[in-house]
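Undergrad: Below: one structure in structure tokens.
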Amino acid sequence: MSGADDTPEGANAKLIRAKQRWAADGRLITGTMGDPQFDRLPPGQRLVKDWPVLDLGIQPIIDERRFRLDIDGAVRRPLSLRLAEFMALPMVERVSDMHCVTQWSRYDNHWQGVSARALMADVEVSDKVRHVVFHAVDGYTTNVSREQFDQDDVLLAHSWEGQPISRQHGGPVRVLIPRLYLWKSAKWIRRIEFAAGDRPGFWETRGYHNNGDPWNEERYG
Ligand SMILES: Nc1nc2c(c(=O)[nH]1)N[C@H]1C(S)=C(S)[C@@H](COP(=O)(O)O)O[C@H]1N2
Ligand SMILES: [Mo]
């Protein structure tokens, strides 16, 4: 197990240790593969109607006047957006399912936000970029491949079911990558970094899978 060196201050250490143990023990692994063309529920998941809250135990209060979203790294035109500037970007709507590694899935979530693809075009991401690293206000980080971020259903989301995303779910702006387990979708997003090399994030350095595809049950690894 990795040390607590990069654990954000105020995080729930007991909960983090328990989840790391789950990863080490391979808990919840069914050993089956799913096919999104035929099944809607990935292997080992069960359907919920509510939306559970999961995080490190720190739910930052974000003063909207101080909000900043930096989009930088290997890009030609980096951005540092205030909330009003972010909200003035073109908005899209998407409907998608969520799958959490702790086994719950929730269907038909209605989202509104900025398309990841549009954002990549705005900042002019370099050809050498292969990875994207998300940095959140609570100190959480997570990483995905360029291909996983560059999808039509990936959003910087600000609304869910017609309402602003609540603080506990990562408002005012969170990442949403519906085709991966939800730990890849950073809440309270502060910075999106485009990089040539990979940089495993908080859970990825504590036994979670680097990729996180629910259809291949990439929970741990
Ligand atoms: N900033 C931040 N984002 C985060 C987390 C976190 O602790 N901090 N936890 C991740 C994990 S492990 C999960 S399962 C989902 C949960 O999102 P939800 O609370 O909206 O269901 O957020 C992910 N994004
Ligand atoms: Mo999680």
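The values are calculated or read from the model by the stated rules, or taken from the named source; none is laboratory data. This is a predicted model, so every value here is computed, not measured. Heads up, the Cβs are rebuilt from the backbone with ideal geometry, glycines too, and the neighbour counts pull from every protein chain shown. For the accessible areas, the whole protein counts, side chains as well, though only heavy atoms, and no ligand, DNA or RNA atoms are used. Shrake-Rupley method; radii C 1.70, N 1.55, O 1.52, S 1.80 Å.
Undergrad: Looking only at the stretch 144-173, which residues are out of contact with any His (no Cβ under 8 Å at 6 or more places or on another chain) and within 26 Å of Arg130 (Cβ to Cβ)?
TA: Glu147, Gln148, Phe149, Asp150, Gln151, Asp152, Asp153, Val154, Leu155, Leu156, Ala157, Gly170
Undergrad: Which one of these does Ala23 not meet: (1) over 29 Å from Trp160 (Cα atoms); (2) surrounded by 12 or more Cβ atoms within 10 Å (Cβ to Cβ); (3) away from ligand 1 (no atom under 15 Å from the Cβ)?
TA: Going through (1) over 29 Å from Trp160 (Cα atoms); (2) surrounded by 12 or more Cβ atoms within 10 Å (Cβ to Cβ); (3) away from ligand 1 (no atom under 15 Å from the Cβ) one by one, Ala23 breaks only (3).
Undergrad: Might you let me know whether the stretch 153-175 holds any residue that is under 21 Å from Thr205 (Cα atoms) and in contact with a helix residue (DSSP H, G or I) (Cβ under 9 Å, 6 or more places away or on another chain)? Spell out the reasoning first.
TA: First, the residues of the stretch 153-175 that are under 21 Å from Thr205 (Cα atoms): 175.
When the remaining residues are screened for being in contact with a helix residue (DSSP H, G or I) (Cβ under 9 Å, 6 or more places away or on another chain), the result is 175.
Yes, that holds for at least one residue.
Undergrad: Would you pick out the residues in the stretch 166-180 that are under 23 Å from Gly44 (Cα atoms) and within 15 Å of ligand 2 (Cβ to nearest atom)?
TA: To start, the set of residues in the stretch 166-180 that are under 23 Å from Gly44 (Cα atoms) comprises 176-180.
Listed by number, the residues that qualify are Leu176, Ile177, Pro178, Leu180.
Undergrad: Further question on the same structure: If a residue has to be in contact with a Lys or Arg (Cβ under 6 Å, 6 or more places away or on another chain) and either within 12 Å of ligand 1 (Cβ to nearest atom) or within 17 Å of Leu56 (Cβ to Cβ) (or both) to count, how many in the stretch 190-221 make the cut?
TA: 1
Undergrad: How many residues are within 15 Å of ligand 2 (Cβ to nearest atom), part of a loop (DSSP other than H, G, I, E, B) and open to solvent by 10 Å² or more (accessible area, probe 1.4 Å) if we restrict to the stretch 181-202?
TA: So the count comes out to 1.
Undergrad: Could you list, in sequence order, all residues of the stretch 124-164 that are hydroxyl-bearing (Ser, Thr, Tyr) and within 16 Å of ligand 2 (Cβ to nearest atom)?
TA: Here is the first cut: in the stretch 124-164, the residues hydroxyl-bearing (Ser, Thr, Tyr) are 126, 140-142, 145, 159.
Scanning the stretch 124-164 gives Tyr140, Thr141, Thr142.
Undergrad: Here is a further query. When both residues are 6+ apart or on different chains and their Cβ atoms are under 8 Å apart, which pairs have a first residue that lies in the stretch 180-201 and is closer than 17 Å to Lys128 by Cβ, and a second that is within 16 Å of ligand 2 (Cβ to nearest atom) and open to solvent by less than 10 Å² (accessible area, probe 1.4 Å)?
TA: So the pair list comes out as Ile192/Phe134; Ile192/Val175; Glu193/Phe134; Asp198/Asn143; Arg199/Asn143.
Undergrad: Across the stretch 161-180, which residue is farthest from ligand 1 (Cβ to nearest atom) among those that are farther than 19 Å from Val144 by Cβ and in a loop (DSSP other than H, G, I, E, B)?
TA: Out of the qualifying residues, it is Gly162.
Undergrad: Taking the residues in the stretch 51-71 that are open to solvent by less than 60 Å² (accessible area, probe 1.4 Å) and within 23 Å of Ala116 (Cβ to Cβ) as candidates, determine which candidate is nearest to ligand 2 (Cβ to nearest atom).
TA: The qualifying residue nearest to ligand 2 (Cβ to nearest atom) is Asp55.
Undergrad: Against the definition (on the phi > 0 side of the Ramachandran plot and acidic (Asp, Glu)), how does Glu147 come out, yes or no?
TA: On the way: on the phi > 0 side of the Ramachandran plot: no; acidic (Asp, Glu): yes.
When the stated conditions are applied, Glu147 does not pass them.
Undergrad: Just to verify a result, which residue in the stretch 155-177, among those that are out of contact with any Lys or Arg (no Cβ under 7 Å at 6 or more places or on another chain) and of a type in the set (Gly, Ala, Ser), is surrounded by the fewest Cβ atoms within 10 Å (Cβ to Cβ)?
TA: Among residues in the stretch 155-177 that are out of contact with any Lys or Arg (no Cβ under 7 Å at 6 or more places or on another chain) and of a type in the set (Gly, Ala, Ser), the one surrounded by the fewest Cβ atoms within 10 Å (Cβ to Cβ) is Gly162.
Undergrad: Can you tell me which residue among Ala74, Ala121, Ala116 is modelled with pLDDT of 95 or more, more than 30 Å from Ala18 (Cα to Cα) and surrounded by fewer than 16 Cβ atoms within 10 Å (Cβ to Cβ)?
TA: Numbers: Ala74 fails: surrounded by fewer than 16 Cβ atoms within 10 Å (Cβ to Cβ); Ala116 fails: surrounded by fewer than 16 Cβ atoms within 10 Å (Cβ to Cβ).
The unique qualifying residue is Ala121.
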